[in-house]
Every structure is written in C-alpha cells, then in structure tokens.
1. Which trypsin sites (Lys or Arg not before Pro) from segment 5-63 combine a DSSP loop assignment with at most 12 other Cβ atoms within 10 Å?
2. Between the alpha-carbon centers of segment 127-145 and segment 78-125, tell me the distance in whole angstrom.
3. Quote the relative contact order of segment 1-54 in percent (integer), defining contacts as alpha-carbon pairs under 8 Å separated by 6+ residues.
4. Just subtract the alpha-carbon distance of ASP161 and ASN128 from 0.36 nm times their residue separation and send over the number in nm, one decimal.
5. With a cut-off of 8 Å between alpha carbons and a minimum separation of six or more residues, what is the relative contact order of the chain in percent?
6. Can you list the DSSP H helices in the chain whose Cα atoms extend at least 18 Å along the helix axis and whose mean Kyte-Doolittle hydropathy is -1.0 or higher?
7. Go through segment 142-179 and name the trypsin sites (Lys or Arg not before Pro) that are in a DSSP coil and have 14 or fewer other Cβ atoms within 10 Å of their Cβ.
8. Between ILE153 and GLU90, what is the label-point separation in nm under the 7 Å Cα-to-beta-carbon projection?
Amino acid sequence: MPILKIARMGHPVLLQTAAAVEDPTAPEIRRLVADMIETMEDAQGAGLAAPQVHVPLRLFVFRVNPDRATADADDTAVLPHGVVINPTVELLGEDVRLRWEGCLSIPGLRAAVPRSWRIRYSGVDTDNRPVGGEVTGFHAGVVQHEYDHLDGIMYPMRMRDFSLFGFNEELARAAQARQ
Ligand code: NI
C-alpha cells in the first residue's frame with residue numbers, strides 16, 4: 001500500500017471545509033483509510049485527517065498508544081487503530097487544559113494548545129458501524145485536533161500563548177536544561 005503525500009501548512013486544502021462521506025463502505029474509502037493508517041504509522045503520528053492527504057472528506061484516523069494514554073490521569077481508553085467517518089464532536093464541561101500537540105502538516109514543531117478535557121464524539125467506521133463515546137485526556141485531545149482539520153482549522157489557530165510554540169529539538173533541549 002502506498003504512503004500518501006502529506007500536505008504541509010500553507011496548502012489551501014488544509015484550510016477548506018471538508019465534505020461528508022456519502023458511502024463509508026465504498027471500496028475507495030476503505031482503501032483511503034488503509035493508506036492513511038499506513039501513512040500515519042510511517043510518519044509516527046498520532047492522527048491523520050483526510051484533508052492532510054489532499055482528500056477534502058470528513059474522516060480521520062488516529063491511535064491512542066498505551067504510553068500516551070496513561071500519561072493522562074483518567075484516560076484508560078487504548079485504541080490501536082481508530083477511524084471516524086462523518087464525525088460529530090461535543091465538548092463537555094468547562095475544563096479546558098493546555099496540551100502539547102504536533103501535526104504531520106507542521107513538521108518539527110509543537111505547541112501547547114487549549115483543548116477540552118472531556119468530549120463526546122461519534123461517527124461510523126468503514127463497515128458503517130457506530131464508533132466513538134465519551135473520552136478524556138489524550139484521546140479527547142487528538143480527536144479535537146483531527147476534527148478541526150475537517151473544518152480547515154490548524155492548531156496554531158487555536159493557540160493563545162505563542163511563547164509555548166517551538167521546534168521539537170529546542171523544546172527538548174530547554175526542558176533538559178531546566179532539570
Ligand atoms: Ni494535524
């Protein structure tokens with residue numbers, strides 16, 4: 001299966017509103033999802049939305065690895081391969097926290113972005129089965145990030161404090177120097 005080319009920030013496909021998927025079970029959608037999962041893993045990303053591979057449709061893939069999930073207090077959900085087609089996301093409660101995010105379309109950089117701690121989301125998979133639920137922490141953050149891509153929103157557009165934005169290597173060096 002091919003590794004797909006990832007659009008980088010500045011490409012107009014990342015700023016458009018994606019269209020609903022008419023038939024989530026269509027062979028071309030299954031193929032797209034399989035290729036997106038492979039592309040995400042190859043790039044060592046936690047999530048990938050269809051507009052990032054130049055397909056302006058409302059679907060994304062993501063994974064919640066055990067090591068990432070346990071870092072967030074009450075987030076026990078572990079999903080090796082999630083796909084969400086035609087998602088809805090509802091932000092629950094007032095608890096908004098900064099979480100460090102990167103994006104495969106903004107390589108080498110990361111930032112602290114305010115995200116709702118708890119959300120409820122829904123959608124379907126490629127068998128048209130319902131997916132989603134009420135989640136917190138890393139799982140909730142990655143879903144909010146990927147969902148934003150479907151509305152043309154990149155994470156810097158959510159930032160409030162641009163001092164918490166930098167290159168991975170510099171941020172790691174700075175963190176080490178503080179220890
Ligand atoms: Ni992204």
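None of the figures in this text is laboratory data; all of them are computed from the coordinates on show. Note that the structure is a prediction, hence the values are computed from the model and not measured. Don't worry about glycine lacking a Cβ; one is built from the backbone with ideal geometry, like all the others, and counts go over all protein chains shown.
1. Working: sites: LYS5, ARG8, ARG30, ARG31, ARG58, ARG63; in loops: LYS5, ARG8, ARG58.
Those satisfying the criteria are LYS5.
2. So the two Cα centres are separated by 7 Å.
3. On the way: 42 pairs, mean separation 30.5, N = 54.
Averaging sequence separation for qualifying contacts and normalising by length gives 56 percent for segment 1-54.
4. Values: separation 33, 0.36 × 33 = 11.88 nm, distance 3.98 nm.
Going from the current span to full extension adds 7.9 nm.
5. On the way: 354 pairs, mean separation 43.4, N = 179.
24 percent.
6. Counting only whole DSSP H runs, the qualifying helices are 27-42, 137-150.
7. Numbers: sites: ARG158, ARG160, ARG173, ARG178; in loops: ARG160.
Answer in residue order: ARG160.
8. Distance between label points: 1.7 nm.
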